[in-house]
Amino acid sequence: AGVLLWAASTLLGAQSPPTAAVSAPVASITVVLDDNYPPYIFRDAHGELQGILKDTWALWQARTGIEVKLQAMNWAAAQAVMLDGRADVIDTLFKTEPRQALYEFSSPYAQLAVALYFHQSISGITDADAVRGFTVGVKDGDACIDVLRRHRVDSLQKYPSYEAIVAAAAAGDLRVFCMDEPPANFFLNQYGAANAYRHSPAIAGGAFHRAVR
């Protein structure tokens, strides 16, 4: 684990690896992450990966000489692949209490706000308690699920991706959803629904980390 955590943390400016990394060098690492979190990572119209993290990992590979096998996929699947031992590092991960029992985390590298988005015909949603009684759209495996359950919000409709949530909202099939602000703003604009949805103040804050088991 030491060499793999160093592998991830060198992106954050670490100057030298721990002793374990010197005695046990690696030729390549497999990194799993979400494939639907613009502008950090997403797919273009041809299905090719784009975004900040694709470029960041390419730069890390060039600097270290360690090959990075980047595998972006459905977020719930990415977590399953990591926990099954089929990947070395997981990226785009929020640190939550349940996850701290599973992973060792790098330092955070991006601060993100999480909000509740609701159709303009709805009023009075200012915090997580206010959506009790609503069905709330969430991404399967998202940290927002833990936040809502702590507030006794139990009617959750899971979707495979953030884009799928916004597509359902734009089609009129979903009126309330929980999402991190960067992808929410991106997809609401992409689907022409930015004026139809408002959002609450942040109900939680999170940060992206890289982690190893």
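The values are calculated or read from the model by the stated rules, or taken from the named source; none is laboratory data. Every value quoted in this text rests on a predicted model; they were computed, and no experiment measured them. Neighbour counts run over all protein chains shown; Cβ positions are idealised from the backbone, glycine included. Accessible surface is based on the protein model in full, side chains and every heavy atom, while ligands, DNA and RNA are left aside. Shrake-Rupley method; radii C 1.70, N 1.55, O 1.52, S 1.80 Å.
Which residue, chosen from I66, A27, Y109, occupies the Cα position most advanced towards the positive end of the dipole of the chain, where the dipole is computed from +1 (Lys, Arg) and -1 (Asp, Glu) charges on Cβ about the Cα centre?
Farthest towards the positive end: Y109.
Could you name the lysines in cross-link range of K69, using Cα to Cα under 21 Å and dropping any fewer than eight places away on the same chain?
The reachable lysines, counting only those whose Cα sits under 21 Å from K69, are K54.
Starting from the Cα-Cα distance between A80 and D127, subtract it from 0.36 nm times their residue separation and give me the gain in nm to one decimal.
Contour length minus the Cα-Cα distance gives 13.9 nm.
Which of the aspartates and glutamates could a cross-linker span from K158 if the Cα-Cα distance has to be under 12 Å and same-chain partners fewer than 8 positions apart are dropped?
Within reach: D140, D142.
What is the sum of charges, Lys and Arg at +1 and Asp and Glu at -1, for the other residues whose Cβ falls under 9 Å from the Cβ of Y162?
-3
Mind checking the dipole of segment 51-120: about its Cα centre, +1 per Lys or Arg Cβ, -1 per Asp or Glu Cβ, Debye to the nearest 20? Display every interim value, and only then the final one.
Working: 6 positive and 7 negative charges, 20 e Å.
I would put it at about 100 debye.
Out of all DSSP beta bridges in the chain, what portion is antiparallel? Express it as a percent rounded to 5.
60 percent
Got a sec? Which residues in segment 28-49 would a label at K69 touch, if it sits 7 Å along Cα→Cβ and we count backbone N under 16 Å?
Only 28-33 pass the distance filter.
Keeping every protein chain present and rolling a 1.4 Å probe, give me the accessible area per residue for segment 54-166 in Å².
Accessible area per residue: 48 Å².
Can you list residues from other chains, or at least 5 along the same chain, whose modelled amide H is less than 5 Å from the amide H of L156?
Correct list: V136.
Determine the dipole magnitude for the chain: charges of +1 sit on the beta-carbon of Lys and Arg, -1 on that of Asp and Glu, nothing else is charged, the reference point is the Cα centre, and the result goes in debye to the nearest 20.
Computed about the Cα centre, the dipole is about 240 debye.
Expressed as a rounded percentage, what relative contact order does segment 29-183 have, with Cα pairs under 8 Å and six or more residues apart?
After rounding, I find 25 percent.
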